[in-house]
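Enquirer: There's a structure below that I have some questions on.
Bear in mind these aren't lab numbers, they're just calculated from the coordinates by the rules spelled out. The shown structure was predicted, so the numbers you read here are calculated from the model rather than taken from an experiment. No Cβ is skipped: glycine too gets one built from the backbone with ideal geometry, and neighbour counts run over all protein chains shown.
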Amino acid sequence: MKLWHTTALSIAIALSPSVFANTVNTVASFSVLGDIVKQVGGEHVKVSELVGPNGDPHTFEPSPKDSVLINKADVVFISGLGLEGWMDRLVTASGYKGKIVTASTGVKTRSMVEDGETITDPHAWNSAANGVIYARNVMNALIKADPADAKYFQTQGQAYIQKLEKLDSWAKGKFAGIANDKRKVMTSHDAFGYFGQEYGVQFLAPVGFSTEAEASAADVGKLINQIKQEHIHTYFIENQTDPRLVKQIAAATGAKSGGELYPEALTDANGEAPTYAKAFEHNVDAIYNSMK
């Protein structure tokens, strides 16, 4: 009897779904995208992030260990739109021949002027409506990589998409209660274009889309005058940027600190913004509170 029980138990363990469960080995270019992959992929993904918490995707410099990570991946996720200028070289160096998924595919892009040149704004995820597009692209890519777990990815993905859709509606509702002429803030660099477009907020920043850009004295002077003329009372720093320039402008204009925003880097697990959804919620609340 005991032998039968042991054999039956062994067969049950062997046939249990967890034994057969696949794990898709993924690499995500930066922490925001890494979290979206984790939320959609759940227990069927392993996610490695190239640019980790509080890291700057603009100034990131890959190392040999990043090349090894990519080489061993089943799927590599990037945001695209020019954010990861270092990625092509890294993929070539790694010898990776697998799928590279651009999570921003399908986003209605916006342009911005940088040093007199018109470029595509890469910060699409800062609108939760675009976050939905990212999540759907991630879900479809994981289903393709691991068709056996398609139902799981669909369930996880749809639940997460609904969460982001609710956040999008909530943000629109909050800002609808603020007068248009009060919806203005200053941030460290120009990362909130899609957020501003979606939720009707005007952002001013001393440097352009990349934190590598440098503001000229003339640009800073113009921005100081604009802030005074438009009566902008609040400035924000970002967790991945140098706060000195924005503090200097604030001192010249009398703008007060509204705290920290998280436009392109999540915090670690103990911080205010350990997930994309929490970062978005925090950013909306902080910006809204500065306008009341």
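Enquirer: Given points 7 Å out from each Cα along the Cα-Cβ axis, report the GLU61 to GLN154 separation in nanometres with one decimal.
Expert: Spacing of the two 7 Å Cα→Cβ label points: 4.8 nm.
Enquirer: What angle do you read, to the nearest 10 degrees and between 0 and 90, between the alpha-carbon axis of helix 276-291 and the longest principal axis of the chain?
Expert: 20 degrees
Enquirer: Could you list ASP285, ASP74 so that the one with the fewest beta carbons within 10 Å of its beta carbon is first and the one with the most is last?
Expert: In increasing order of surrounding Cβ atoms, one gets ASP285, ASP74.
Enquirer: Can you tell me the relative contact order of the chain? Whole percent, Cα pairs under 8 Å, sequence separation 6 or more.
Expert: 17 percent
Enquirer: Another question, then. With respect to the cross-link table entries LYS166/LYS278; LYS99/LYS278; LYS46/LYS72; LYS46/LYS97, which display a Cα-Cα separation exceeding 23 Å? Mind dumping the intermediate values first?
Expert: Working: LYS166/LYS278 13 Å; LYS99/LYS278 29 Å; LYS46/LYS72 12 Å; LYS46/LYS97 19 Å.
Exceeds cut-off: LYS99/LYS278.
Enquirer: So, one more: Taking the highest mean first, how do the peptides 102-112, 88-98 order by number of other beta carbon atoms within 10 angstrom per residue?
Expert: 102-112, 88-98
Enquirer: Still on this model: Holding the Cα-Cα limit at 29 Å, pick out from LYS65/LYS144; LYS172/LYS228; LYS65/LYS151; LYS38/LYS256 the pairs that are longer than that.
Expert: From LYS65/LYS144; LYS172/LYS228; LYS65/LYS151; LYS38/LYS256, over 29 Å: LYS65/LYS151; LYS38/LYS256.
Enquirer: What order do you get for 171-184, 141-154 when each peptide is scored by the mean count of other beta carbon atoms within 10 Å, highest first? It would help to have the intermediate numbers written out before the result.
Expert: Values: 171-184: 13.9, 141-154: 18.2.
My ranking of the peptides, most packed first, is 141-154, 171-184.
Enquirer: Another question, if that's okay. For a test of the definition: using alpha carbon positions, the gyration tensor, and the 1.5 limit on a/c, classify the range 21-169 as rounded, prolate or oblate.
Expert: It comes out oblate by the Cα gyration axes.
Enquirer: A further question follows. Helix-only mean residue ellipticity at 222 nm, the chain, DSSP H runs n ≥ 4 weighted -39,500 (n - 2.57), per residue, nearest 500. What is it? Don't skip to the end; give the middle numbers.
Expert: Details: 11 runs with 136 residues, N = 292.
That calculation yields -14500 deg cm²/dmol at 222 nm.
Enquirer: Also: Given ASN137, GLY85, PHE153, which one lies farthest toward the positive end of the charge dipole of the chain, if we put +1 on the Cβ of every Lys and Arg and -1 on the Cβ of every Asp and Glu?
Expert: Result: PHE153.
Enquirer: Moving to a separate point now. Of GLU165, GLU61, how do they rank once you tally other Cβ atoms within 10 Å and put the fewest first?
Expert: On the way: GLU165 15, GLU61 6.
So the residues, fewest neighbours to most, are GLU61, GLU165.
Enquirer: In what sequence do TRP125, TRP86, TRP170 fall when counting other Cβ within 10 Å, fewest first?
Expert: Least crowded to most crowded, the residues run TRP170, TRP86, TRP125.
Enquirer: Using a 7 Å offset from the Cα along the Cα-to-Cβ direction at both GLU43 and TRP170, what is the distance between the two label points in nm, to one decimal?
Expert: About 2.7 nm separates the two model spin labels.
Enquirer: Still on this structure, I have one more. Using a Gaussian network model of the chain whose springs link C-alpha atoms within less than 10 Å, name the residue from VAL27, VAL220, VAL37 with the highest mean-square fluctuation.
Expert: Of VAL27, VAL220, VAL37, the Gaussian network model singles out VAL220 as fluctuating most.
Enquirer: Among GLY95, TRP125, ALA252, flag the residue with its Cα farthest along the positive direction of the charge dipole of the chain, charges on Cβ as +1 for Lys/Arg and -1 for Asp/Glu.
Expert: Toward the positive end, the furthest listed residue is TRP125.
Enquirer: Still on this structure, I have one more. Going by alpha carbons, how many degrees (0 to 90, nearest 10) lie between the helix axis of 217-229 and the longest principal axis of the chain?
Expert: 80 degrees
Enquirer: Under 19 Å from a point placed 7 Å out from the Cα of ASN22 along the Cα-to-Cβ direction: which residues of the range 117-136 have their backbone N that close?
Expert: Counting backbone N atoms under 19 Å from the label point, the list is 136.
Enquirer: Rg(Cα) of the chain divided by 2.2 N^0.38 Å?
Expert: 1.15
Enquirer: Roughly how tilted is helix 31-41, in degrees to the nearest 10 and between 0 and 90, from the longest Cα axis of the chain?
Expert: Helix 31-41 sits at roughly 40 degrees to that axis.
Enquirer: Which one, VAL201, VAL40, VAL68, has the greatest fluctuation when you compute a Gaussian network model over the chain with C-alpha springs under 10 angstrom?
Expert: It is VAL68.
Enquirer: Tell me, in nm to one decimal, what length is gained between ASN54 and ILE119 on full extension, where the rule is 0.36 nm per residue of separation less the Cα-Cα distance? Mind showing how you got there, number by number?
Expert: Values: separation 65, 0.36 × 65 = 23.40 nm, distance 2.51 nm.
Fully extending the segment from ASN54 to ILE119 adds 20.9 nm.
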